[in-house]
Amino acid sequence: MGKALDGVRILDFTHVQSGPTCTQLLAWFGADVIKVERAGAGDITREQLRDIPDVDSLYFTMLNHNKRSVTIDTKNPEGKLVLEALIQKCDVLVENFAPGALDRMGFTWERIQELNPRMIVASVKGFGPGPYEDCKVYENVAQCAGGAASTTGFDDGPPVVSGAQIGDSGTGLHLALGIVTALYQRTQTGRGQRVLAAMQDGVLNLCRVKLRDQQRLDRTGIMKEYPQYPNGSFGEAVPRAGNASGGGQPGWILKCKGWETDPNAYIYFITQAPVWAKICNVIGKEEWATHPDYATPAARLPHLKDIFAEIERWTMTKTKFEAMQILNKYDIPCGPILSMKEIAEEPSLRKTGTIVEVDHPTRGKYLTVGNPIKLSDSPTEVKRSPLLGEHTDEVMAELGYSPEQISALRTAGAI
Ligand code: CAO
C-alpha cells in the first residue's frame with residue numbers, strides 16, 4: 001500500500017527533540033527523510049542519557065525512526081556543494097538550529113530560493129520576532145514562556161512544568177502541519193515558502209483556554225470552576241488550578257486503594273452533571289441527588305471540596321481499575337492514573353501500534369511510541385533509526401556522485 005507522503009523528499013537538518021519529532025511524523029506518513037548530521041558526532045542526542053555504552057541512546061532512537069542518515073560537514077566548501085545538490089533535489093528543508101545558524105552556513109532564504117524555488121523551508125525557533133528572537137530555547141523554557149508553567153501546579157506552590165513535552169514535541173507537531181499545508185499550497189502556486197513554528201507560540205496555542213480565563217478573570221474577578229473559589233482568593237493573573245478539570249464539569253484526582261504505597265493509585269473523577277444522580281448512588285449518598293445544596297451544578301460549586309472528599313472515601317475502597325469498571329457501567333467519566341510501566345505493558349496500545357517494539361542492530365529490542373495519528377490509507381510501519389552516516393554513500397549515489405568522487409569527498413572531510 002502507498003503512503004500519504006510518497007515522493008516527498010525532506011532535507012532534515014533537525015536535532016534534539018522538537019525538529020526530529022516533526023520529521024519523524026513526516027517519515028511515518030511516507031516522506032523520504034534524509035537527516036544531515038555532523039560527521040563523527042551526529043545529533044547530540046545520540047550520546048545523551050545513554051543506557052548502554054557506545055550505543056545510540058533511546059532519546060535518539062525514539063525520535064528518528066524511518067529516516068536515513070548522511071554525514072556532511074556543512075562548513076566545508078565541498079560539503080556545502082553536496083548540500084546544494086540536496087536542496088535542489090528535496091521538497092522541504094526542516095531545521096531547528098539556533099537563530100541565524102542556517103544563514104551563517106550560507107543557506108539564506110534567498111540562496112535556497114535561487115537553488116530551488118519550490119523548496120519549503122520549515123523552522124522551529126524558541127521565539128518568534130521580538131525581544132527574545134535570538135535566544136536558544138529548550139523544552140522547559142518554552143513551557144515557562146508560553147504560559148504553561150504559570151498555570152500548572154497548586155496555588156500554594158511554585159510554577160510547575162509538565163512531563164508532556166509540549167514545547168518540543170508539541171511544536172514539532174505544529175511544524176508538521178505547517179509543512180503539509182505549505183506542500184498543499186505549492187500544488188496551486190508552484191512556489192515554496194517559509195514555515196515558522198516558535199516554541200513559545202506552540203505552547204501558548206496549547207494553553208489557549210488559559211488566555212480565555214485571563215479575560216474572564218479581568219472581567220469578573222472570579223472563576224467558579226477554579227479551586228480558589230470559594231475557599232481562596234484570586235489575584236490579577238490566571239492562577240494554578242491544581243487538578244481541576246478547567247471546563248464546566250468539575251474534576252479532581254482522587255486516591256484509590258493502595259495509594260499509601262503506590263504513587264499512581266489514583267483516579268481522575270469527573271462529576272459530570274448528567275450523571276450526578278448515578279454518582280450519588282454509587283458512593284452511597286442518594287440524598288444528594290435531590291438535596292438543594294447538591295442537586296444542581298451551581299449549588300454544588302461551593303461544596304466541591306467536600307463532594308470530592310466524599311467520593312474519595314468511596315474510591316479509596318477500590319483499586320483504580322475496579323473503580324473504572326464500576327464507574328464506566330454508569331457512564332461516569334473517569335480515568336486511571338497510569339504509570340509509564342503500566343502503559344508500556346498495556347496490550348491494547350501494542351495492538352494499535354501506539355506502542356511498538358523495534359529491533360536495533362547495536363541496542364537490540366526496545367519500546368517506542370509509534371505514530372499516534374492513524375490514517376486508514378497510509379499505515380505506519382515503524383523502522384529503526386539510522387546509524388550515524390549509514391546512508392551517506394547511498395544518498396550520494398542518488399545525487400549522481402561516483403564511488404571515486406564519494407571517496408575523494410570523504411578524504412577531504414566534506415562527508
Ligand atoms: N556540520 C558542521 N556544522 C554543523 C552541522 C554539520 N553537519 N550541523 C550543525 N552545525 C553547526 C551549525 O552551523 C552551528 O554553528 P554556528 O553556531 O557556528 O553557526 C551549530 O552547529 C548549530 O548549533 P546550535 O547553535 O543550533 O546548537 P546548540 O547545541 O548550541 O543549541 C539549541 C541547541 C536546541 C538550544 C538550539 O539549536 C536552538 O535554540 N534551536 C531552536 C529551538 C529548538 O529547537 N529547541 C528545541 C531543542 S529540544 O529541547
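The values are calculated or read from the model by the stated rules, or taken from the named source; none is laboratory data. Everything quoted here is computed from the prediction, not taken from an experiment. Cβ coordinates were reconstructed from backbone atoms using ideal geometry, including for glycine residues, and neighbour counts include every protein chain displayed. Protein only, heavy atoms only, side chains kept; ligands, DNA and RNA dropped before computing areas. Shrake-Rupley method; radii C 1.70, N 1.55, O 1.52, S 1.80 Å.
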Among the residues of the stretch 299-306, is there at least one that is closer than 23 Å to GLU225 by Cβ, in contact with a Pro (Cβ under 8 Å, 6 or more places away or on another chain), crowded, with 16+ Cβ neighbours inside 10 Å and not aromatic (Phe, Trp, Tyr)?
-> yes
Give me the pairs, please: first residue somewhere in the stretch 369-382 and small (Gly, Ala, Ser), second residue anywhere and part of a strand (DSSP E or B), beta-carbon distance under 6 Å, and either six or more positions apart or on two chains.
-> GLY370/VAL356
Does the stretch 314-335 contain any residue that is more than 32 Å from the chain's Cα centre (by Cα), of a type in the set (Lys, Arg), modelled with pLDDT of 95 or more and open to solvent by 70 Å² or more (accessible area, probe 1.4 Å)?
-> yes
Selection from the stretch 126-145 of residues surrounded by fewer than 17 Cβ atoms within 10 Å (Cβ to Cβ) and within 8 Å of the ligand (Cβ to nearest atom) yields CYS135, LYS136, TYR138
Given the conditions (1) open to solvent by less than 10 Å² (accessible area, probe 1.4 Å); (2) more than 12 Å from the ligand (Cβ to nearest atom); (3) among the polar types (S, T, N, Q), and given that SER18 satisfies all but one, which numbered condition is not satisfied?
-> (2)
Could you check, for the stretch 219-226, whether at least one of its residues is of a type outside the set (A, V, I, L, M), within 16 Å of the ligand (Cβ to nearest atom) and out of contact with any Ser or Thr (no Cβ under 8 Å at 6 or more places or on another chain)?
-> no
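Residue by residue, here is whether (1) without any contact (Cβ under 8 Å) to a residue 12 or more places away in the chain; (2) within 16 Å of the ligand (Cβ to nearest atom) holds:
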| residue | (1), (2) |
| --- | --- |
| VAL160 | no, no |
| LEU177 | yes, no |
| ASP201 | no, yes |
| LEU211 | no, no |
| ASN231 | no, no |
| VAL238 | no, no |
| ALA244 | no, no |
Failed condition for GLY2, given (1) free of Cβ contacts under 8 Å to residues at least 40 places away in the same chain; (2) away from the ligand (no atom under 13 Å from the Cβ); (3) more than 22 Å from the chain's Cα centre (by Cα); (4) outside any helix (DSSP H, G or I), with all others met?
-> (1)
Having 2 or more residues that are under 26 Å from ASN371 (Cβ atoms) and open to solvent by less than 60 Å² (accessible area, probe 1.4 Å) is the bar; report the strands (runs of 3 or more DSSP E) wholly within the stretch 157-272 that clear it.
-> 194-198
Given the conditions (1) more than 9 Å from the ligand (Cβ to nearest atom); (2) crowded, with 16+ Cβ neighbours inside 10 Å, every one holds for ASN76 apart from (1)
Look through ASP103, ASP43, ASP56, ASP32 and report the one residue that is touching a residue at least 12 places away in the same chain (Cβ under 8 Å), over 23 Å from ALA408 (Cβ atoms) and within 13 Å of the ligand (Cβ to nearest atom).
-> ASP43
Has the stretch 146-153 got at least one residue that is open to solvent by 20 Å² or more (accessible area, probe 1.4 Å) and within 15 Å of the ligand (Cβ to nearest atom)?
-> no
